[in-house]
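Accompanying notes for the structure given below.
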Amino acid sequence: MNKLNFKMATRGIKNNKFLYFPYILASSFMLFIFNLLIDLKSEKFILETRGSEIIKTLLEMGSWIVAIFSLIFLVYMAKTIVKNRYKELGLLYGLGMDKKSLRKILIIENLILGILTLIIGTFFTILLGPLFINLVARILKIQTEIKLSINFSKLALGLMIFAIIFVLITLISLNSIRKTNPIELSKLSQKGEKEPKANVISMILAIILIGYGYYTALSIDGGIFQALPKFLPASIAVIIGTYFFFRSLVIWILKLFRKNKKIYYKGTNMTFIGELIKRSKESAMALSSITIISSLFLLSFVVISAMFVGKNDLLDRIAPSDFLIQYQEDDKESGKYTKNLLEKNIDKEKIKNLGEFRRKGLVVSEQSPGKFSILEDDDLRKTIMDEKTKIISITDIKSFNKANKTNISLKKDEAIVFDSKAKKYGKISIENQNLKVKENAKNISYVLMDPTTSLFHNILVVVDDMDEFSKKISDGKNIKTFPSVSGTYFDLKEKNQKNIDEMANTLNKNISDTDKILVKNSIENRMEFDKIHTGAYIVVLILALVFLISTIIVIYYKQAAEGLEDGRNIKILQKVGMSKKEIKKSVKKQNYFTFFAPLIISIIHILIASKLAFGMLQLFAMLELRRFIEIEAICIIIFSLIYIMIFRITLPIYFEMGKLNKE
């Protein structure tokens with residue numbers, strides 16, 4: 001009997017391969033991605049990445065989101081498969097096979113599917129993981145050598161989690177036939193969905209959760225440190241709210257359409273609206289999954305695009321000149337040595353835009369618009385994540401004029417202000433030292449600002465005398481300031497790799513490791529930038545690919561499963577007088593609604609999340625908000641075209657499963 005059960009189980013899988021193939025493919029893919037995200041956390045190129053701790057947190061968060069999504073969606077797929085096999089199982093039951101044997105067949109089927117998933121997913125991880133990462137690196141033109149080292153203890157974690165998922169799926173499958181007789185079992189597949197009610201509690205939850213997520217996203221007024229802690233709870237709220245939206249609000253909207261006789265009795269709208277109402281509750285999970293995955297892909301797509309476009313803007317901040325030599329002002333020996341170094345080793349005929357600068361950094365808290373107080377050491381540790389925390393760089397008008405090729409003069413109570421968020425000031429106060437803002441600068445040379453603070457909200461304050469103003473605001477307090485820095489910058493007249501290398505070698509060979517002098521050139525900065533951002537680029541691109549492939553799998557499976565289920569209702573519709581053309585028209589309307597509703601909702605989600613995404617993006621790129629919006633609009637258009645293409649490709653699958661095109 002065991003051999004017979006095994007034979008029946010394998011035959012059941014083979015006969016329903018159009019359902020089981022995408023099921024195995026989807027589950028194997030999810031396991032592969034889970035393993036990949038877990039393993040990426042310990043990779044060297046991730047650990048060296050700028051903001052590595054944040055990226056590691058995102059990777060871990062992403063891996064568990066994949067696990068939770070795998071559980072939800074694989075259960076949904078398994079329940080749909082079992083439902084479509086009720087007639088087959090009922091027939092076996094009626095021919096004399098007892099429930100114990102049926103349960104054994106289901107257990108063997110799930111065991112085979114689980115083992116295949118674990119083997120294929122692990123195979124992908126071991127053999128395709130390194131190839132996948134290196135391929136992404138090549139696409140990004142990143143020179144960093146990446147060798148993905150497989151940690152078998154982490155593989156065991158993925159195997160254990162997905163084994164648990166398949167155990168739960170098996171229990172759900174067994175429970176579905178627990179209280180049925182042969183006649184009931186064979187009729188279950190033909191049993192239609194009861195018309196669902198628009199649950200008031202679900203509607204209220206949908207509005208509250210989506211409203212909370214939207215409010216959080218729109219109310220953020222800070223950089224990465226303010227955006228990241230709020231991202232996860234807001235995302236979870238929107239995910240759950242989206243599910244309740246499709247489960248209740250959509251039903252309520254459709255019932256409003258049904259009450260409107262002009263709409264309801266027009267053409268095939270009666271069957272179109274009626275079928276949608278009956279299916280809304282059952283399809284809520286699939287539709288919300290498509291919406292959320294589409295939103296996540298759009299977010300990843302926008303971020304990776306903005307990272308590329310904003311790369312040069314960020315490099316302008318990190319490396320505003322071909323060469324930069326700087327030292328701390330309190331180190332007098334370094335100052336003298338730097339001047340001698342430049343006089344003896346640099347041919348001024350070969351350089352241009354030579355200039356000097358002075359800069360002091362302050363960590364401040366904005367008490368009210370334009371009014372700032374300097375944070376003391378104890379306060380700094382508590383408020384570094386506060387959206388009120390800003391970084392102010394103070395420089396003098398001489399340094400500003402030289403760097404920006406201007407000729408502006410300032411009085412002692414006047415200032416020029418540049419705000420990284422383009423805020424305008426009429427006056428500004430630091431520790432009650434008031435300054436009238438003579439000009440709100442739109443563009444500046446970033447040599448005047450500390451590039452290491454680019455993740456924060458930065459403000460440049462230009463004063464007449466930096467030393468005098470610094471004394472006034474410090475007033476003997478134990479304040480937290482970045483060291484005052486002096487430096488020299490210049491560009492080469494003939495900029496090429498050879499000349500930059502020669503100049504770098506000339507400067508570096510005259511500076512020992514003990515000298516407190518920092519020499520940077522634009523080529524080194526670009527190489528360093530590419531190296532430390534390798535992990536960020538790869539992670540975001542992987543997530544974008546994951547979400548795109550997941551979207552395709554979900555849509556394909558929904559079309560196949562629902563087409564198979566609807567095929568049973570075709571004869572009924574034909575008996576009541578509907579032609580094949582009318583049936584196809586009604587079905588297409590259903591498909592247009594169920595597949596374009598997630599697209600529209602996901603676009604709304606991503607537009608609302610724009611401010612939050614823009615704040616998080618500051619970790620990897622510098623963009624004006626206008627430019628970011630342009631990139632976002634282009635990404636939405638491209639994704640919409642991809643989505644429509646997926647819809648058109650998968651629509652015939654629905655008709656094939658429903659046998660609408662086989663008469």
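The values are calculated or read from the model by the stated rules, or taken from the named source; none is laboratory data. On a predicted model such as this, the values are computed, not experimentally measured, just so you know. Neighbour counts are summed over all protein chains in view; Cβ atoms, including those assigned to glycine, are modelled from backbone coordinates with ideal geometry.
Descriptive notes on the structure:
- All helices (runs of 4 or more DSSP H) inside segment 513-621 with 1 or more residues being crowded, with 20+ Cβ neighbours inside 10 Å and at pLDDT below 75: 522-566, 580-608, 610-617
- Test result for Gly158, within 28 Å of Ile38 (Cβ to Cβ), at pLDDT 80 or above, in a helix (DSSP H, G or I) and not assigned by TED's automatic domain parsing to the domain that holds Ile606: yes
- Looking only at segment 386-406, and only at residues there that are touching a helix residue (DSSP H, G or I) at 6+ places or on another chain (Cβ under 6 Å) and either modelled with pLDDT under 90 or not assigned by TED's automatic domain parsing to the domain that holds Ser484 (or both), the one that is surrounded by the fewest Cβ atoms within 10 Å (Cβ to Cβ): Glu387
- Looking across segment 410-441 at every residue that is farther than 24 Å from Val485 by Cβ and within 33 Å of the chain's Cα centre (by Cα), the one that is modelled with the lowest pLDDT is identified as Ala422.
- Residue count for segment 1-59, restricted to those that are of a type in the set (Ser, Thr, Tyr) and either at pLDDT below 80 or within 19 Å of the chain's Cα centre (by Cα) (or both): 4.
- Answer residue from segment 219-262, given it is aliphatic (A, V, I, L, M) and under 19 Å from Thr389 (Cα atoms) and is modelled with the lowest pLDDT among those: Ile224
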